[in-house]
1. So, in region 210-361, how many Lys pairs have Cα atoms under 23 Å apart, if the pair is 8 or more places apart or on different chains?
2. Compute the acute angle (0 to 90°) between the alpha-carbon long axis of helix 200-212 and the principal axis of greatest extent of the alpha-carbon atoms of the chain; round to the nearest 10°.
3. Can you check what the net charge comes to around residue 143, using other residues whose Cβ is under 15 Å from the Cβ of residue 143 (Lys, Arg +1; Asp, Glu -1)?
4. Which angle between 0 and 90 degrees, to the nearest 10, do you get for helix 296-308 versus the longest principal axis of the chain when only C-alpha atoms count?
5. Can you give the Rg and Dmax of region 297-361 based on its C-alpha atoms, in angstrom?
6. Can you list the trypsin sites (Lys or Arg not before Pro) in region 285-317 that are in a DSSP coil and have 13 or fewer other beta carbons within 10 angstrom?
7. Against the longest alpha carbon principal axis of the chain, how many degrees, from 0 to 90 and to the nearest 10, is the axis of helix 165-181 turned?
8. Restricting to DSSP loop positions (anything but H, G, I, E, B) with no more than 16 other Cβ atoms inside 10 Å of their own Cβ, which GluC sites (Glu not before Pro) remain in region 1-99?
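What follows draws every value from the coordinates through simple rules; no lab data is involved. What you see is a predicted model; the values in this text were computed from it and never measured. Note: ideal-geometry Cβ built from the backbone for every residue, glycine included; neighbour counts use all protein chains shown.
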Amino acid sequence: MARHAVTLVPGDGVGPEICDATVRVLEATGVEFDWDVQQAGENVMAEYGTPLPEHVLESIRRTRVALKGPITTPVGTGFRSVNVALRHELELYSCVRPVKAYRGARNLREDLDFVIIRENSEDLYAGIEFEKGTPECRNLLEEISTLSRKRIRPDSGLSIKPISVSGSERIVQFAFDYARQYGRKKITLVHKANIMKHTDGLFLAVGREVAQRNPDIEFEDRIVDNMCMQLVLRPQEYDLLCCPNLYGDIISDLGAGMIGGLGLAPGANIGTNGAVFEATHGSAPKYTGQNKVNPMAVMLSGVLMLRHLKESAAADALEGAIAAVIAEGKSVTYDLKPARNDPSAVGTSQVADAIVEKLAS
Ligand code: NAD
């Protein structure tokens with residue numbers, strides 16, 4: 001059996017605990033890994049002068065696959081989010097977020113099974129912003145009023161929303177490739193093209209062109225507000241959603257809420273230079289070191305990683321073992337119990353014990 005070289009970034013806060021638990025269950029599948037453990041975040045600032053040292057990026061460029069715990073972004077320190085920097089540096093332009101109901105979780109419906117693919121690099125997240133009242137902002141406001149003949153209130157701030165043909169083309173093509181690889185039958189492109197003709201309208205037009213080159217997969221589109229309502233009323237009609245950055249971010253959390261919350265919401269950031277698998281949730285700092293939070297979101301990200309590594313039998317086995325533990329409802333953390341202060345809730349490492357036991361049986 002092939003050994004897989006994988007970069008492991010445990011992160012901070014609850015990251016190290018949930019990553020430890022995940023490494024244990026991944027190894028219990030029988031797949032062999034060479035873990036290259038790399039630290040990033042505030043804790044390495046003093047030593048390397050940056051929260052994301054070059055050797056961490058080099059490791060991921062070499063292994064092309066990373067499993068990552070959450071990393072805290074301190075507020076108001078000028079410290080750039082390591083998570084955003086990592087996506088940028090490695091050009092991880094697509095974010096994959098499956099929304100799947102496991103029996104026993106607090107699901108909106110029991111038959112939920114769709115995937116959200118979110119563009120990760122453009123849109124209002126490009127980080128091009130102008131603070132109200134600054135000379136740059138005033139200049140831009142004047143320029144805009146000259147060019148558009150529309151007046152923006154002078155006490156406005158500005159956030160710029162770039163959406164490009166090339167960026168749209170690669171994410172929509174990624175969605176088609178993903179659908180083909182994982183047996184998804186239909187892509188729904190999400191937009192607000194009726195209002196933002198030159199950004200969302202461009203995304204939709206490019207999407208339609210790419211769809212013409214991929215006629216084996218059904219293609220449709222929905223306006224984002226309608227999409228949210230449809231997902232709550234008729235989610236079974238959707239298979240794979242392809243979204244620009246902002247709508248993808250919001251709809252992903254809607255999706256997480258539909259399947260019982262952040263403790264069960266996995267994710268993958270995939271791009272030209274590699275793939276980073278991580279939970280949707282953050283570092284939950286108030287629970288650090290308490291052996292309390294749910295490791296299943298990182299474990300399910302590990303399932304996505306196994307599929308990416310073409311270890312589908314191990315992926316099925318691990319997903320089945322996690323699903324069985326959720327269905328039994330015994331060895332689960334507080335967030336999966338009917339009441340949050342349920343004394344029968346177990347800790348992070350006991351969840352891993354139960355899953356390892358299932359894998360062995
Ligand atoms: P968070 O997701 O860390 O936590 C919010 C709340 O959700 C927690 O207090 C807890 O009640 C619950 N929760 C989260 N994960 C859970 C789990 N595995 N099991 C059970 N309950 C869980 O969000 P936050 O408090 O807004 O962010 C904390 C820090 O994490 C911030 O610095 C933020 O920037 C960072 N963050 C990092 C990432 C990442 O590394 N990709 C993602 C999001 C947030």
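1. Eligible lysine pairs with Cα atoms under 23 Å apart amount to 7.
2. Relative to the chain, helix 200-212 is tipped by roughly 60 degrees.
3. Net local charge, residue 143 excluded: +2.
4. So the helix axis and the longest Cα principal axis differ by about 80 degrees.
5. For region 297-361, the Cα radius of gyration and maximum Cα-Cα distance read 12.5, 40 Å.
6. Listed in order of number, the matching sites are 310.
7. So the inclination is approximately 30 degrees.
8. The qualifying sites are 91.
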